[in-house]
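So the structure is just underneath, and the comments pick up after that.
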Amino acid sequence: MENKTMLRSLLAIAVATSIAACGDKAEDIAELVEDQTAIVEQIEQQQEEQEATYTGSGGTDPIPPTLDAPSTTEALTISVPGGKDAEGNYLAYPWNAEGTTQFWYGLDEHEVVIPEASDNVIHLTFAGDYDPVDGTEGPGAELDEVLRGKTGAITVVLPEGAYKMNQALRIDMSLDAFSGITSLTVQGHGIDKTILSFTDSTNVVSDSVHFSSATDLELSHFTVVDSNKNAILVDESTGVYMHHLGTIWPGKVDAGNGAYGLYPVESDHVIIEDSFSFGSADAGVYVGQTNNIVVRRNFAVQNVAGIEIENSTKADVYDNYAYMNTGGVLVFDLPIGNGRYGLGTRVFNNISVSNNEENFAAHGVVGLVPPGTGMLLLASDTVEVFNNDFSGNETFSAVGVSYFLVDNDVTQYIGNPSTGAPGKYSAVIADGWEPTLRSINIHSNRITNSGTKPRGDLLEAPLTDGAPGVLGAYLGTSGYVPAILTDGMGQNLAANNILASIGEMPYEESDYFCVDPAQNVSTGTVIEHTGATSVIDMSTFGLNLAAASFEVDHDGSYLFKCDEPLERLPAYSATFRGVEFGCGKDDNGDICTNAMPPQNL
């Protein structure tokens, strides 16, 4: 209103001045008033459009999700216990502390075939000396004993029932005693029928189920409850097939819960499908430092990270449901230092909704994930995100950032030019890690109700001393956090050749962060990403706040619209016992058919 009054006053002054110049010709005065009025009305209309409340959902006011419903889109809703009361407390859990609620997302309806016992099919008893509670040896010893000296393809069947465990099931397949086993299957009677519970364990059991150095390992049809650390860990293995598994920390979430649910790491050719993870204090469904991955048809509920791909190559993540986590889907590339870094991930046809749980991670980078995150890419390289449903995520739908948002001290990466001292990350960069975010293609997603309650330590922390945080800056300038956000810092640093000494050169078009305007959602960047203003003051190596633009493109029409669209990624697959799993391999359904890039059709 004040702006309109000022404009009307300016109009009066302009007309009066012009009248003096025109004399008293009535027709000239009338025409002049008409022209000046039209100019003011045009300016007023532009101001009204600029002052309109944008919300991150295509410029429309979002309707906050009812309680914490899976989605405001009916097609996304599943019948699951849940919701919150007026105080924000969850009313029910898919798996509550008392065990009276056990919801399996339909995975318990899968028919399980139990093979008859034979020389190569061993049914464990968990009885006598191997009783989990009263036995002198325990079930871990039984598993070890029956596998020693075996040859060929072996199947182990876990008994039906709910067992109070005091001992892990752990086998290192690299030992000579197991060298004759060419493939190993460990299965229960059903995800809801063979339950290994460590709730009342009197021993500190780190990893509840742990297989190392296996070849063609299949784990299926059982659930691990209340693991002290990691529920089902597989490492240094080739050919891993995990399906119809449950990993559960019942009741209200807690930082004392175990870290990982399904946890294959440092392996090759991994498939995780038709499984369920609830309550992990790190990632529910995780694949790390692994090549050739298929993760599909899983349910990740109320973990810190629902599904996470970390430092891995050639991963297809599709047809999963991430609900009520802190962050729905994560693709990270971290400075680990073991030579395994990420390249090539497709994330498509997933449902990531209402991932608004407060972050309850005990430690680690995952503790920085803001509540209300649909998807987070961190220092990732070559990722395609498409055909997903992001709905009701209270901070943002998708965010891609370089590692510089975690640690913006550039000397820790390039070393100190004044003293010649290496930086904290110098060794791991020499090992092959890159801190920038490159080649990100976000298109054809359905995004609704984003950013209705933005929060998170990473966003609230000041960029540097005396500077605002990302959240405060966006709320102060635009009034909301964009639905799709990037930090822009890595590209800016590369454009100004600040990272040239570590091999991070200026971005080419194929390195860009690209967002398809057809999604019609807001996009934003924290730092002026093109490098026109350097984000680093080279005289002090401190952050140059003049580069902190906090720019917002309200409808996503220009800021990250790439003139040359990034090339579609190929379908990735994993091979298990001679069979290829993945789109165009064992799966030729509609989801896969629609996800095939043009060069594969």
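Working only within segment 309-337, note down all residues that are in contact with a helix residue (DSSP H, G or I) (Cβ under 8 Å, 6 or more places away or on another chain) and closer than 22 Å to residue 587 by Cα.
318, 319 - these are the residues of segment 309-337 that are in contact with a helix residue (DSSP H, G or I) (Cβ under 8 Å, 6 or more places away or on another chain) and closer than 22 Å to residue 587 by Cα.
Being open to solvent by 10 Å² or more (accessible area, probe 1.4 Å) and more than 20 Å from residue 440 (Cα to Cα), is that true of even one residue in segment 299-314?
Yes - at least one qualifying residue is present in segment 299-314.
Report whether or not residue 231 is among the hydrophobic types (A, V, I, L, M, F, W, C) and surrounded by fewer than 24 Cβ atoms within 10 Å (Cβ to Cβ).
So residue 231 does not fit the description; no.
Restricting attention to segment 172-189, does a residue exist that is in contact with a Phe, Trp or Tyr (Cβ under 8 Å, 6 or more places away or on another chain), among the hydroxyl-bearing types (Ser, Thr, Tyr) and either on the phi > 0 side of the Ramachandran plot or open to solvent by 30 Å² or more (accessible area, probe 1.4 Å) (or both)?
No, segment 172-189 contains no residue that is in contact with a Phe, Trp or Tyr (Cβ under 8 Å, 6 or more places away or on another chain), among the hydroxyl-bearing types (Ser, Thr, Tyr) and either on the phi > 0 side of the Ramachandran plot or open to solvent by 30 Å² or more (accessible area, probe 1.4 Å) (or both).
Quick one: residue 110 ticks every box in (1) in contact with a His (Cβ under 7 Å, 6 or more places away or on another chain); (2) modelled with pLDDT of 95 or more; (3) not hydrophobic (A, V, I, L, M, F, W, C) bar one, so which box is it?
(2)
Mind checking whether some residue in segment 353-363 is under 20 Å from residue 311 (Cβ atoms) and not hydroxyl-bearing (Ser, Thr, Tyr)?
Checked against the condition, which is being under 20 Å from residue 311 (Cβ atoms) and not hydroxyl-bearing (Ser, Thr, Tyr), segment 353-363 yields at least one hit.
Could you tell me how many of the residues in segment 476-515 are surrounded by fewer than 23 Cβ atoms within 10 Å (Cβ to Cβ), in contact with a strand residue (DSSP E or B) (Cβ under 8 Å, 6 or more places away or on another chain), of a type in the set (Ser, Thr, Tyr) and closer than 21 Å to residue 408 by Cα?
Qualifying residue count, segment 476-515: 2.
Within segment 242-283, track down each residue that is part of a strand (DSSP E or B) and hydroxyl-bearing (Ser, Thr, Tyr).
If the condition is that a residue be part of a strand (DSSP E or B) and hydroxyl-bearing (Ser, Thr, Tyr), then 247, 260, 263, 277 are the ones that fit.
If you go through segment 390-402 one residue at a time, do you hit one that is assigned to a loop (DSSP other than H, G, I, E, B) and within 16 Å of residue 488 (Cβ to Cβ)?
Yes, segment 390-402 has at least one match.
Among the strands (runs of 3 or more DSSP E) confined wholly to segment 551-596, which include 1 or more residues that are open to solvent by less than 40 Å² (accessible area, probe 1.4 Å), over 30 Å from residue 482 (Cβ atoms) and at pLDDT 95 or above?
Filter on segment 551-596 gives 574-576, 579-581.
Starting from segment 303-325, keep only residues that are at pLDDT 95 or above and part of a strand (DSSP E or B), then list their pairs with residues that are among the basic types (Lys, Arg) and open to solvent by less than 10 Å² (accessible area, probe 1.4 Å) whose Cβ atoms are within a distance under 8 Å, requiring at least 6 positions of separation or different chains.
315/346; 316/296; 316/346; 317/296; 317/346; 318/296; 318/346
Considering only segment 447-454, I want to know if a residue exists there that is open to solvent by less than 40 Å² (accessible area, probe 1.4 Å), without any contact (Cβ under 8 Å) to a residue 24 or more places away in the chain and not in a loop (DSSP other than H, G, I, E, B).
no
Test residue 466 against the stated conditions and say whether it is surrounded by fewer than 22 Cβ atoms within 10 Å (Cβ to Cβ) and assigned to a loop (DSSP other than H, G, I, E, B).
When the stated conditions are applied, residue 466 passes them.
Would you point out the residue of segment 105-126, among those that are touching a Pro at 6+ places or on another chain (Cβ under 8 Å) and of a type in the set (A, V, I, L, M, F, W, C), that is surrounded by the most Cβ atoms within 10 Å (Cβ to Cβ)?
126
Are there any pairs with C-beta distances below 9 angstrom linking a residue in segment 211-227 that is under 16 Å from residue 140 (Cα atoms) and surrounded by fewer than 23 Cβ atoms within 10 Å (Cβ to Cβ) to a residue that is of a type in the set (Asp, Glu) and at pLDDT below 95, with the two at least 6 apart or on different chains, and if so which?
Listed pairs, sorted by first residue: none to list.
Out of everything in segment 410-436 that is surrounded by fewer than 16 Cβ atoms within 10 Å (Cβ to Cβ) and among the charged types (D, E, K, R), what residue ends up being farthest from residue 365 (Cα to Cα)?
431
Would you call residue 239 in contact (Cβ under 8 Å) with a residue 12 or more places away in the chain, assigned to a loop (DSSP other than H, G, I, E, B), at positive phi and more than 22 Å from the chain's Cα centre (by Cα)?
no
Are there any pairs with C-beta distances below 9 angstrom linking a residue in segment 404-424 that is under 15 Å from residue 437 (Cα atoms) and part of a loop (DSSP other than H, G, I, E, B) to a residue that is open to solvent by 50 Å² or more (accessible area, probe 1.4 Å) and of a type in the set (D, E, K, R), with the two at least 6 apart or on different chains, and if so which?
So the pair list comes out as 407/424.
The values are calculated or read from the model by the stated rules, or taken from the named source; none is laboratory data. The structure displayed is predicted, hence computed values, not measured ones. Virtual Cβ from ideal backbone geometry, glycine too; neighbours counted across all protein chains shown. These area figures cover heavy atoms from the full protein model, side chains too; ligands, DNA and RNA do not enter into them. Shrake-Rupley method; radii C 1.70, N 1.55, O 1.52, S 1.80 Å.
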